[in-house]
1. Using only alpha carbon positions, build the gyration tensor of the range 85-172, then give the equivalent ellipsoid semi-axes as the square roots of 5 times its eigenvalues, largest first, whole angstrom.
2. Sequence-distant or interchain residues sharing an amide H contact under 5 Å with D63, placed H: which?
3. Run the numbers for V152 and D32: contour at 0.36 nm per residue of separation, minus the present Cα-Cα distance, in nm.
4. Return the tail of the calculated pair distribution for the range 22-91, meaning the percent of Cα-Cα pairs more than 15 Å apart.
5. Distance between Cα centroids, the range 28-90 to the range 95-151: provide it in whole Å.
6. Quick check: convex hull over the Cα atoms of the range 17-168, volume per residue in Å³, rounded to an integer?
7. Could you work out how much longer the chain between T182 and S165 gets when fully extended? Use 0.36 nm per residue separation minus the Cα distance between them, nm to one decimal.
8. For S108 and K143, what does the FRET efficiency come to when R0 = 22 Å and r is the distance between their Cβ atoms, rounded to the nearest 0.05?
Amino acid sequence: MCMVRSSHILAAALFAALLGGCGGGVAPLTFDLAALPPAGRPIAAGRSIVVSEPVGIQPFEADRIIVRENGGALSFLGGGQWADRLPRLIQTRLIQSLENSGRLRSVSRPGDKVVADYQLISEIRAFDVQAATGEAVVDLSLKLVADGTGKVAAARIFTARVPVSKIDAGNGARALDQALVTVLADVVRWVNSGR
């Protein structure tokens, strides 16, 4: 009986070892994106905003860091990934940056069931490292839509470019993070200006 039990344990251990080896290679590094820090003392404001998750083409829907090759083809940068799906990560940093500005009554997600004055709708037009120019490019299109009427109150495209010293996961992620911080600062100013 003891012999049978130990052979089952040995078989389970060998099976687990085989499965562990199937992954092969090193796990990719995981990178996060930063929100703007708190701006200091809050300023009273009356508007509330719901921030929708950005939309984008299929490659931007994943958690992979993207390189735009010379011919325009998109590929994934090996060895790195984002901490979440890119659209959800950008939505979270938009919400945190707007909250940290202290200029809005409330900032929420569509599922939060908060009555809002405006909905912030966005599209990811670019969020990649461009091999031809050696730059990280963040390009977001945003619309402020009146929640009651659906009328577009304002629309604007925000773009930032940051040089990348070397096209690899670490340098690419850092440069994309810097570019996003620039875009976030512009978005927060734009939203808080009432336009």
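1. Values: eigenvalues 183, 42, 23 Å².
Three semi-axes, in Å: 30, 14, 11.
2. For D63, the qualifying residues are L86.
3. Taking V152 through D32 to full extension adds about 40.1 nm, to one decimal.
4. 69
5. 11
6. Spelled out: Cα convex hull of the range 17-168, divided by residues, is 162 Å³.
7. Gain on extension, T182 to S165, equals 4.3 nm.
8. Numbers: r = 17 Å, r/R0 = 0.78.
Efficiency at R0 = 22 Å is approximately 0.80.
The values are calculated or read from the model by the stated rules, or taken from the named source; none is laboratory data. All figures in this text were calculated on a predicted structure; none of them were measured in a lab. Note that we place each Cβ from the backbone using ideal geometry, even for glycine, and neighbour counts take in every protein chain shown. For accessibility, only protein heavy atoms count, side chains too; no ligands or nucleic acids. Shrake-Rupley method; radii C 1.70, N 1.55, O 1.52, S 1.80 Å.
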